[in-house]
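Heads up, the thing below is written out as structure tokens.
The values are calculated or read from the model by the stated rules, or taken from the named source; none is laboratory data. Remember, predicted model here, so these are calculated numbers, not experimental data. Don't worry about glycine lacking a Cβ; one is built from the backbone with ideal geometry, like all the others, and counts go over all protein chains shown.
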């Protein structure tokens, strides 16, 4: 059986089939934008990276206790290519998956998934409620407050940055840039006109 070549359209349909929660959809769009941004940075396949970002939490709303495992099943049933499936499953490495991120695309997803959550929380704390005026410095300041966005595993982000051979501040800055491109879609345009 030939594997399908996923498109953004099919990925979005699949995402909406399994997810109704608005904040999960916005998180998927944020991760997609950051993946596309990093693909541009590294001269990689933007569409592929974006699709993987878009569906990385495909099973989370309906099957939180089977996160990553259920996504693998869903994508295999639909004949998605193994490298897409592997990349998605690897973002849960050490949490709900034993698939270690080895490809650059996998390492980026592993690193930025949690980071987009911290950046979103930081942006929403600002008077502007916007990511458009958010700086790396602001995120670093909130980073040090362990009680702030306590659910964000900073250790994963640090480990991911090391795997990528990038400074933490650089990863934060590039992630902000990626999210800024979709500020409106992810509800982080705030009151900046």
Is it true that some residue in region 80-91 is more than 16 Å from residue 35 (Cα to Cα), surrounded by fewer than 19 Cβ atoms within 10 Å (Cβ to Cβ), in contact with a helix residue (DSSP H, G or I) (Cβ under 8 Å, 6 or more places away or on another chain) and modelled with pLDDT under 95? no
Cross-chain or 6+ apart pairs with Cβ under 6 Å, region 170-190 first and touching a residue at least 24 places away in the same chain (Cβ under 8 Å) and on the phi > 0 side of the Ramachandran plot, then part of a loop (DSSP other than H, G, I, E, B) and buried (at least 17 other Cβ atoms within 10 Å of the Cβ): 190/130
Go over the candidates 99, 152, 89 one by one and state the one that is touching a strand residue (DSSP E or B) at 6+ places or on another chain (Cβ under 7 Å) and not in a helix (DSSP H, G or I). 99
May I ask you to list the residues in region 114-134 that are closer than 15 Å to residue 57 by Cα and surrounded by fewer than 24 Cβ atoms within 10 Å (Cβ to Cβ)? 114, 117
Could you list all residues from region 155-169 that are part of a loop (DSSP other than H, G, I, E, B) and either in contact (Cβ under 8 Å) with a residue 40 or more places away in the chain or surrounded by 13 or more Cβ atoms within 10 Å (Cβ to Cβ) (or both)? 166
Just checking, does region 18-29 include any residue being touching a helix residue (DSSP H, G or I) at 6+ places or on another chain (Cβ under 6 Å), assigned to a helix (DSSP H, G or I), within 20 Å of residue 175 (Cβ to Cβ) and at pLDDT 95 or above? yes
Looking at 62, 48, which one is closer than 25 Å to residue 184 by Cα and either at pLDDT 95 or above or assigned to a loop (DSSP other than H, G, I, E, B) (or both)? 48
